[in-house]
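*Asks:* Here you go, one structure.
The values are calculated or read from the model by the stated rules, or taken from the named source; none is laboratory data. Just so we're clear, the structure is a prediction, and the values are computed from it rather than from any experiment. Note that we place each Cβ from the backbone using ideal geometry, even for glycine, and neighbour counts take in every protein chain shown. We work out accessible area using only protein heavy atoms, side chains counted, and drop any ligands, DNA or RNA first. Shrake-Rupley method; radii C 1.70, N 1.55, O 1.52, S 1.80 Å.
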Amino acid sequence: DRSRRYQNWTKFSLSADLLNRPSFFKMVKFGAGLTWQWHSHRHSLNELIPFRLTYTKLLNTTAEFDETMANNPAVALSFRNQFIPEIQYNYTYDRSFSGNQLTYNLQLIEAGNVFAGIWSLCGSNGEKKMFGTPFSQFVKMQTSVVYNHGVMPGHRLVARMLVGAAHAYGNSSQVPYSEQFYIGGANSIRAFAVRSIGPGSFRPDATNPNGYYDQTGTFKFEANLEYRFPIFSYFKGALFIDAGNVWLLSDDEKRQGGKLRMKNFFDELALGTGLGIRFDMDMLVVRADVGYALHAPYETGKSGYFNMPSFKKSYAFHIAIGYPF
């Protein structure tokens, strides 16, 4: 129904994506979906996707990539050609008060349940396929809260906490690779490169250049704190500290130490700090961040909590568009 105060939307979408890693693989993804978007009140935005169908296919791979997949069957299953039929709901609460801002987001995804039910009613047993290709079946949840506090004019203290989990079942033994969690990089734990930590305390063989494919998980926790301040004109600065990691919700013998265990939770949180500079024109923000790692969740050869092996190997540099959160 139309609202006099807010615009509500019905959207139809078609998409095509090509992911090309020249030394490893080329993957294509096609998608189609229907979205309903409406405001329940001025601070709340609801988005329901009653149907979205995605098809992923590996077009070609290299010998190095094939060898990595052969050594990691669980990761290989997440790369298989498959349909992903999804129902998704997103909720965003965004409110400003007394110079502060609170933003809460919740994302819920279920994939394959309706298809699995229809196939079962038709008498299909075992792995269920559509047009000769299996479809994925999983559930996924991610939620985050961001609090932006005004300290003084131009100075902000911004905190974020994020938790996510995904679980495959029924027609799938692994969550699709595109739906798994990873951590590190310009919008995450900035003291570490993207996909360079996790799951848990697992660390791939340093001699394997393709090891980062293993570094995804089905559970994610992240916490960030950033102090933003003006420098001059359009230039602003930031001091930050980030912590987090990804884990597996089930054992994988090829990734020892990757399963989530609460007794190891805090030891397996990567921790880093750093500083950044932003060129902020309101409509465009370009930023550069230098992160310094304080604690790695894996064995580094150095004892104690601050276990980075050397000062010069503890840095990561990132350039990005927009604020990280």
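*Asks:* For region 219-272, how many residues meet the condition of being without any contact (Cβ under 8 Å) to a residue 60 or more places away in the chain, within 23 Å of M69 (Cβ to Cβ) and of a type in the set (A, V, I, L, M)?
*Replies:* 1
*Asks:* Another question, if that's okay. Restricting region 115-130 to residues that are touching a residue at least 40 places away in the same chain (Cβ under 8 Å) and surrounded by fewer than 16 Cβ atoms within 10 Å (Cβ to Cβ), which is nearest to G31 (Cα to Cα)?
*Replies:* M130
*Asks:* Check N60, N81 and return the single one that is closer than 27 Å to T216 by Cβ, touching a residue at least 40 places away in the same chain (Cβ under 8 Å) and open to solvent by 30 Å² or more (accessible area, probe 1.4 Å).
*Replies:* Of the residues listed, the single one that is closer than 27 Å to T216 by Cβ, touching a residue at least 40 places away in the same chain (Cβ under 8 Å) and open to solvent by 30 Å² or more (accessible area, probe 1.4 Å) is N81.
*Asks:* For H167, only one of the following conditions fails: (1) within 30 Å of A223 (Cβ to Cβ); (2) without any contact (Cβ under 8 Å) to a residue 60 or more places away in the chain; (3) open to solvent by 50 Å² or more (accessible area, probe 1.4 Å). What is its number?
*Replies:* Among (1) within 30 Å of A223 (Cβ to Cβ); (2) without any contact (Cβ under 8 Å) to a residue 60 or more places away in the chain; (3) open to solvent by 50 Å² or more (accessible area, probe 1.4 Å), the lone unmet condition for H167 is (2).
*Asks:* Any residue in region 91-114 that is out of contact with any helix residue (DSSP H, G or I) (no Cβ under 6 Å at 6 or more places or on another chain), open to solvent by 60 Å² or more (accessible area, probe 1.4 Å), charged (D, E, K, R) and at pLDDT 90 or above?
*Replies:* yes
*Asks:* In region 226-325, which strands (runs of 3 or more DSSP E) lie fully inside it and hold 2 or more residues that are over 22 Å from the mean Cα position of the chain (by Cα)? So that I can check it myself, show each step before the final result.
*Replies:* Working: elements: 235-247, 270-280, 285-295, 315-321.
Because the criterion is at least 2 residues that are over 22 Å from the mean Cα position of the chain (by Cα), the strands (runs of 3 or more DSSP E) in region 226-325 that meet it are 235-247, 270-280.
*Asks:* Say whether the condition of being aromatic (F, W, Y), in contact with a Leu (Cβ under 6 Å, 6 or more places away or on another chain) and open to solvent by 30 Å² or more (accessible area, probe 1.4 Å) is met by at least one residue in region 226-235. I'd like the intermediate steps shown before the answer.
*Replies:* Just the residues of region 226-235 that are aromatic (F, W, Y), to begin with: 227, 229, 232, 234-235.
Okay, now just the ones that are also in contact with a Leu (Cβ under 6 Å, 6 or more places away or on another chain), so 227.
Narrowing the set further to residues that are open to solvent by 30 Å² or more (accessible area, probe 1.4 Å) leaves 227.
Among the residues of region 226-235, at least one is aromatic (F, W, Y), in contact with a Leu (Cβ under 6 Å, 6 or more places away or on another chain) and open to solvent by 30 Å² or more (accessible area, probe 1.4 Å), which makes the answer yes.
*Asks:* Still on this structure, I have one more. Restricting attention to region 213-220, does a residue exist that is at pLDDT 95 or above, open to solvent by 70 Å² or more (accessible area, probe 1.4 Å), in contact with a strand residue (DSSP E or B) (Cβ under 8 Å, 6 or more places away or on another chain) and assigned to a strand (DSSP E or B)?
*Replies:* Looking through region 213-220, none of the residues is at pLDDT 95 or above, open to solvent by 70 Å² or more (accessible area, probe 1.4 Å), in contact with a strand residue (DSSP E or B) (Cβ under 8 Å, 6 or more places away or on another chain) and assigned to a strand (DSSP E or B).
*Asks:* Return yes when G304 is open to solvent by less than 10 Å² (accessible area, probe 1.4 Å) and not charged (D, E, K, R) and no when it is not.
*Replies:* On the way: open to solvent by less than 10 Å² (accessible area, probe 1.4 Å): no; not charged (D, E, K, R): yes.
In short, no.
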